[in-house]
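Here's the structure, in structure tokens; my notes come after.
The values are calculated or read from the model by the stated rules, or taken from the named source; none is laboratory data. These figures come from a predicted structure and were not determined experimentally. Reconstructed Cβ throughout: ideal geometry from the backbone, glycine too, with neighbour counts over all protein chains shown. For the accessible areas, the whole protein counts, side chains as well, though only heavy atoms, and no ligand, DNA or RNA atoms are used. Shrake-Rupley method; radii C 1.70, N 1.55, O 1.52, S 1.80 Å.
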Amino acid sequence: MNELNSNDRGPFSIGSEIPARSGAGLKAEHVEEILSSRADIGFFEVHAENYMGAGGVPHRQLGEIRDKYPLSLHGVGLSIGGEDPLNMDHLKRLAELNRRYQPGLFSEHLAWSSHDGAYLNDLLPVPYDEATLDRVCDHVDLVQEVVGRQMLLENPSTYVAFEQSTMSEIDFIKTIAERTGCGLLLDVNNIYVSATNHEFSPEDYLDAFPINLVGEVHLAGHAPDEDEAGRPLLIDAHDRKVADVVWALYERLIAKTGGLPTLIEWDDDIPAWPILLKEAEIAEGILSNFQERADHVANA
Amino acid sequence: MSPMPDSEYLSGGQSGFSNALLDPEVQTPPGLVGPDGLASEKRFSVYRNNVMASLIDAMGANFPAIKRLVGDEFFVSLAREFIVQFPPTQPILFMYGDEFGTFLENFPPVADFPYLADVARVEYAWLQSYHAADVSPLEAGELGNIAGEDVGRAKFVPHSSMWIFRSIWPAASLMDRNREGADCSDIDLSVGEDILITRPVLDVQTLILPQGGFEFISALAGGETLEAAAGIAMGSVENFDLPAQISGMLVCGAFCRIDL
Ligand SMILES: [Fe+2]
């Protein structure tokens, strides 16, 4: 590295940790404005699969972002819940991206997306039973071994439940974390979507969740629909602002956990950068409110 | 052929699920329920829609010129059929669609638009070039550094981003115009194009080669020496302008290194 480059680096150079602030999912069309406006935001998160080419514009942009901001790497295609063995080529690419960018956090989903050689490009649900639990734990072990670091596993949004499930989603996730040592990514919108779709209380879910294992929070917008019986069916669309009910759940979470890195996901109908930044600022406001209260209590 | 063994059928949870995702004729897999404990077609169809809509979007992002050429509505049905026949085989979506050209060539509803296949091939190559490894292209001066008697046996190593293709259609012009959203009614469909794609730094270039350029650059990329490649090109066209072709090939960044 030449001197000029190292002088150019901001305080958040490679490998820096993610602060307990809010961040945004990085979109290529926002990069120029983010850099030119020196956006004040805690971190950026990228979908790993978008940076699995060898070079060109995507890596140039990611390098520039990483030089100025903490970076979190979020895989969307590993199929950890898959019945098939993990795709080792893909896992090695994830390891290589971790090596190249040394993100502060690395996460993947409790879901499957590949089967029998086909990649289906959606986060598909798994039954919560012993056989699936064993398989997911083996996969998480393998990921952490090959990538050489702890991963965070994200709770899913689901639209159907499995008759064959023998345990709750929370027991399932908690056991994976206990057995593998992985951390958890708590997606608060996913809680609300699943709670609505399966008619359970999102507050109860949040209160029962092993929040001491949570290393990051996701927030996103969802789209309303209904099933054939007219019951509400929420879709995890990531195509709009975070719903008020989800903000309320988030406040409930932060009141318990204190500050946590919090990401706004907006992946479809992507808005202009200031609108996305505004969502991140709302989260930042909630984080600092609780921080101030905590400081106040500590100083009292 | 023996019938599928029972055990495979019973344990095939994700097989049944994934088959039903891509084929709406296949029944919703058993054992998936809503909050009332009953099966729900509508709930399962959220997954069906997510899979199909997201892959159609991915195809539209990868093949914007094809999308404009056939129109948004027809593109959806085209992409849907392609996705069912050739689902992605890995999770990197910018690498999806390698077979789209071959698919279009053999898909009866577009038989009257035979140029689409080559436009799809050029779009796919463009995308791979966009993501290719960052390598410094050969600089024009480097050939001059080689001693005169060695020049003829110089071999040129292709740049990571280069792709060369001969189309009987004006496939590069059709791609460029449609990507720009420009009118293409004046493009003469009877004129083929020799197409070179390169990406010396960050911007992908689509070049239409002059006569003999395809033979010359293909021969070099295939490992022929400069002398042999020039011979092949001169044999294929009259008045092959070697100095102009060499400088053209160097300027566009088609090669990254000279091996002697
Ligand atoms: Fe999420």
Could you list all residues from the stretch B:33-51 that are within 39 Å of the chain's Cα centre (by Cα) and open to solvent by less than 20 Å² (accessible area, probe 1.4 Å)? B:R43, B:F44, B:V46, B:Y47, B:V51
Where A:V297 falls short, out of the listed (1) in a helix (DSSP H, G or I); (2) over 24 Å from B:D36 (Cα atoms); (3) within 14 Å of chain B (Cβ to nearest Cβ): (3)
Picked from the stretch B:218-260 (must be among the hydroxyl-bearing types (S, T, Y) and part of a helix (DSSP H, G or I)), the residue modelled with the lowest pLDDT is B:S247
Of (1) within 10 Å of chain A (Cβ to nearest Cβ); (2) touching a residue at least 60 places away in the same chain (Cβ under 8 Å), B:N49 satisfies every one except (2)
Taking the stretch B:16-32 and keeping only residues that are touching a residue at least 60 places away in the same chain (Cβ under 8 Å) and surrounded by 12 or more Cβ atoms within 10 Å (Cβ to Cβ), one is left with B:L22
Among the residues listed as B:V84, B:V76, B:V110, the single one being modelled with pLDDT of 95 or more and either within 13 Å of chain A (Cβ to nearest Cβ) or within 25 Å of A:D89 (Cα to Cα) (or both): B:V84
When the stretch A:243-273 is checked residue by residue, the ones that are within 14 Å of chain B (Cβ to nearest Cβ) and under 19 Å from A:L185 (Cβ atoms) are A:D267
With respect to B:V251, determine if the residue is β-branched (V, I, T), open to solvent by 60 Å² or more (accessible area, probe 1.4 Å) and in contact (Cβ under 8 Å) with a residue 40 or more places away in the chain. yes
Residue list for the stretch B:94-116, filter: part of a helix (DSSP H, G or I) and closer than 24 Å to A:A28 by Cβ: B:F94, B:M95, B:F100
Selection within the stretch A:128-173 - open to solvent by less than 20 Å² (accessible area, probe 1.4 Å) and within 16 Å of the ligand (Cβ to nearest atom): A:M151, A:L152, A:L153, A:E154, A:N155, A:P156, A:S157, A:T158, A:Y159, A:I173
Only one residue in A:V146, A:V140 is within 19 Å of the chain's Cα centre (by Cα) and modelled with pLDDT of 95 or more, so which one is that? A:V140
Can you confirm whether the stretch B:166-175 contains a residue that is among the aromatic types (F, W, Y), under 26 Å from the mean Cα position of the chain (by Cα) and open to solvent by less than 70 Å² (accessible area, probe 1.4 Å)? yes
Being hydrophobic (A, V, I, L, M, F, W, C), touching a His at 6+ places or on another chain (Cβ under 9 Å) and either within 16 Å of the ligand (Cβ to nearest atom) or free of Cβ contacts under 8 Å to residues at least 12 places away in the same chain (or both), is that true of even one residue in the stretch A:274-295? yes
Of (1) more than 10 Å from chain B (Cβ to nearest Cβ); (2) in a loop (DSSP other than H, G, I, E, B); (3) over 16 Å from the mean Cα position of the chain (by Cα), A:G53 fails just (1)
Mind listing whichever residues of the stretch A:56-73 are more than 9 Å from chain B (Cβ to nearest Cβ) and either among the acidic types (D, E) or assigned to a helix (DSSP H, G or I) (or both)? A:Q61, A:L62, A:G63, A:E64, A:I65, A:R66, A:D67, A:K68
Since A:L120 meets every condition but one in (1) within 16 Å of the ligand (Cβ to nearest atom); (2) crowded, with 23+ Cβ neighbours inside 10 Å, which condition does it not meet? (1)
Subset of the stretch B:117-158 (residues that are among the small types (G, A, S), open to solvent by 40 Å² or more (accessible area, probe 1.4 Å) and in a helix (DSSP H, G or I)): B:A140, B:G141, B:G144, B:G148
Take the stretch A:249-269 and flag every residue that is away from the ligand (no atom under 15 Å from the Cβ) and either in contact with a Pro (Cβ under 9 Å, 6 or more places away or on another chain) or open to solvent by 60 Å² or more (accessible area, probe 1.4 Å) (or both). A:E251, A:R252, A:A255, A:K256, A:G259, A:D269
When you look at A:A220, is it over 26 Å from A:L26 (Cα atoms), open to solvent by less than 10 Å² (accessible area, probe 1.4 Å) and within 16 Å of the ligand (Cβ to nearest atom), yes or no? no
Only one residue in A:G82, A:G77, A:G23 is among the small types (G, A, S), within 21 Å of A:P271 (Cα to Cα) and surrounded by 21 or more Cβ atoms within 10 Å (Cβ to Cβ), so which one is that? A:G23
Mind checking which residues of the stretch B:62-110 are of a type in the set (F, W, Y), open to solvent by 40 Å² or more (accessible area, probe 1.4 Å) and over 27 Å from A:P58 (Cβ atoms)? B:F74
Look through B:D176, B:D194, B:D188, B:D183 and report the one residue that is in a helix (DSSP H, G or I) and acidic (D, E). B:D176
Looking at the stretch A:224-242, which of its residues are of a type outside the set (D, E, K, R), within 15 Å of the ligand (Cβ to nearest atom) and within 14 Å of chain B (Cβ to nearest Cβ)? A:L234, A:I235, A:A237, A:H238
Residue among A:A272, A:A208 that is of a type in the set (A, V, I, L, M), open to solvent by 10 Å² or more (accessible area, probe 1.4 Å), under 25 Å from A:P125 (Cβ atoms) and over 19 Å from the mean Cα position of the chain (by Cα): A:A208
Failed item in (1) within 14 Å of chain A (Cβ to nearest Cβ); (2) part of a strand (DSSP E or B), with B:I164 passing the rest: (1)
Candidate set: the stretch A:174-203, residues that are more than 12 Å from the ligand (Cβ to nearest atom) and among the β-branched types (V, I, T); chosen: the one least open to solvent (accessible area, probe 1.4 Å): A:I176
